[in-house]
Amino acid sequence: MASSDKYMQDKLDERRQLGNYRALRPQSELVDFCSNDYLGFARSPFLKDAIQKEIDNHPDSLNGATGSRLISGNLTYAEDLEKQIAAFHQAESGLLFNSGYDANVGLFSSLPQKGDTIICDELIHASIIDGARLSYANRYTFRHNDMESLESKLKAAKGICYVVIESVYSMDGDTPPIADVIALTEQYGAHLIVDEAHAVGLYPQGLISHLGLQDKVFARVVTFGKALGCHGAIVLGSDILRQYLINFARSFIYTTAASFHQLAAVKITYQLVARSGADILRLQQNIKLFKQGIKPNPAYPLLQSDSAIQCIILGSNVKAKLAAQQLQTAGLDVRPILSPTVAQGAERIRICLHSYNTIEEINLLTSTINNIIHAS
């Protein structure tokens, strides 16, 4: 066996022994409590038909983009869409990327320079970590939502400082004390960047605009693959930030642009989210119903969250996998989150709630979870 094959096999065997081996699974026919399709847009026949009508209205559009936006792949349609999305989120400007991962990698690998500082919440998304690693900046993390820890890192910062948080954290589903973060970044002259991936939907324009804090934030990253039900992302900020990323963000420069179909889907989705008040209300009601239905058990706590993401800590890979299996046997698609994705001891089941989940489905979910966490 070649040395590289042996290395890979050894690492896979190690992961199997630890109980955190990852395998691809097809979409499930069980009741969906695991996807990020919070408002049901990804499965909406109305949205699908509206996107097709938009494509039919542009019969000269191509199947593919044919190249990067700096060569042959740019469209007036894309630039107009960027302006529309920026206006929707009350931002000066925006630049589209092919995914949220691309957006974060491009932003954080190109903007901070050698001698600058990036300070991230310890639970920040992997795409931000990867982007920061590609930069030459100093990198620090602060304890999750801990303002004393953040301030200690701000005191040590050098050069231009960028503080990075999520408005709704993807694993815990909680929200940071954003006003306190802004107060500290202003006090120390740092630039705040907020990833809004899991906030858009519960808050149509994102939490930052919902709170009226958009002028206090240097940049926001909005992704389209969660509640918006399509694909891609946009970095929102000043016009000079947009021009900078066009010239220096490698994940923008060196990739084929999004197809017209993808752009059309994003455009029509934004038209739908602007009038999705009833869907958002149902989502909020379902979140409340779920939280009310869980009987507390200090040994297996439900994390504090007002978002669509709800987590119960099981404390080991074995327990998390067993709980997920029991839920799936009951017809409910809930997945375990294992270490090393989360810290050892923080293994959990992660529940994603949706506007389309019925009262009966949520009641079955909570009763099954209660049976699991209160079993003698």
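Spread over its residues, the convex hull of the C-alpha atoms of segment 68-109 is 86 Å³ per residue.
Excluding ligands, DNA and RNA, the accessible surface per residue across segment 245-354 is 45 Å² with a 1.4 Å probe. Between Asp13 and Glu148, the contour length at 0.36 nm per residue exceeds the alpha carbon distance by 44.5 nm.
With N as its number of residues, segment 171-224 has a Cα radius of gyration that, divided by 2.2 N^0.38 Å, comes to 1.11.
Under the criterion of Cα pairs below 8 Å and six or more residues apart, the relative contact order for segment 1-122 equals 7 percent.
For Ile118, the amide hydrogen comes within under 5 Å of the amide hydrogens of Asn138, Arg139, Tyr140, Tyr162, counting only partners 5 or more places away or on other chains and with H modelled in the peptide plane.
Summed over the residues of segment 16-65 and divided among them, the accessible surface reaches 74 Å² per residue at a probe radius of 1.4 Å.
Other residues with beta-carbon under 12 Å from the beta-carbon of Leu303 carry, at +1 per Lys or Arg and -1 per Asp or Glu, a net charge of 0.
Summary of the geometry: segment 295-374 and segment 52-78, compared by the centres of their Cα atoms, lie 42 Å apart. Sites listed here are chymotrypsin sites (Phe, Trp or Tyr not before Pro) in segment 229-318 whose DSSP assignment is loop and whose Cβ has at most 10 other Cβ atoms within 10 Å: Tyr254.
Within segment 79-175, the chymotrypsin sites (Phe, Trp or Tyr not before Pro) that combine a DSSP coil assignment with at most 13 other C-beta atoms in a 10 angstrom radius are Tyr136. The portion of the accessible surface of the chain made up by carbon and sulfur, rounded to a whole percent, is 52 (1.4 Å probe; DNA, RNA and ligands excluded).
Rounded to the nearest 0.05, what FRET efficiency do Gln271 and Asp215 give with R0 = 30 Å and r taken as the Cβ-Cβ distance? Could you check? Result of the calculation: an efficiency of 0.70. As a calculated quantity, the FRET efficiency between Ile160 and Glu122 at R0 = 25 Å, using C-beta atoms, amounts to about 0.70. Using the Cβ-Cβ distance between Glu79 and Glu186 with R0 = 45 Å, the FRET efficiency computed as 1/(1 + (r/R0)^6) comes to roughly 0.90.
Extents of the chain, largest first, come to 62, 56, 54 Å (Cα atoms, principal axes, whole angstrom). Per Stokes-Einstein, at 37 °C and 0.692 mPa s, what whole-number D in µm² s⁻¹ belongs to segment 265-346, with the Kirkwood radius over Cα pairs as the hydrodynamic radius? D = 218 µm²/s. Please identify which residues in segment 300-327 have an amide N closer than 20 Å to a label point set 7 Å out from the Cα of Glu29, following the Cα→Cβ vector. Residues passing the 20 Å test: 325-327.
Once each of the trypsin sites (Lys or Arg not before Pro) sitting in a DSSP loop with at most 15 other beta-carbon atoms within 10 Å is removed, the chain keeps 159-274 as its longest stretch.
The values are calculated or read from the model by the stated rules, or taken from the named source; none is laboratory data. Because the structure is predicted, anything quoted here is derived from the model rather than measured. Every residue, glycine as well, gets a Cβ built from its backbone with ideal geometry; the counts of neighbours run over all protein chains shown. Just so you know, the surface numbers come from the protein's heavy atoms only, side chains and all, with ligands and any DNA or RNA stripped out. Shrake-Rupley method; radii C 1.70, N 1.55, O 1.52, S 1.80 Å.
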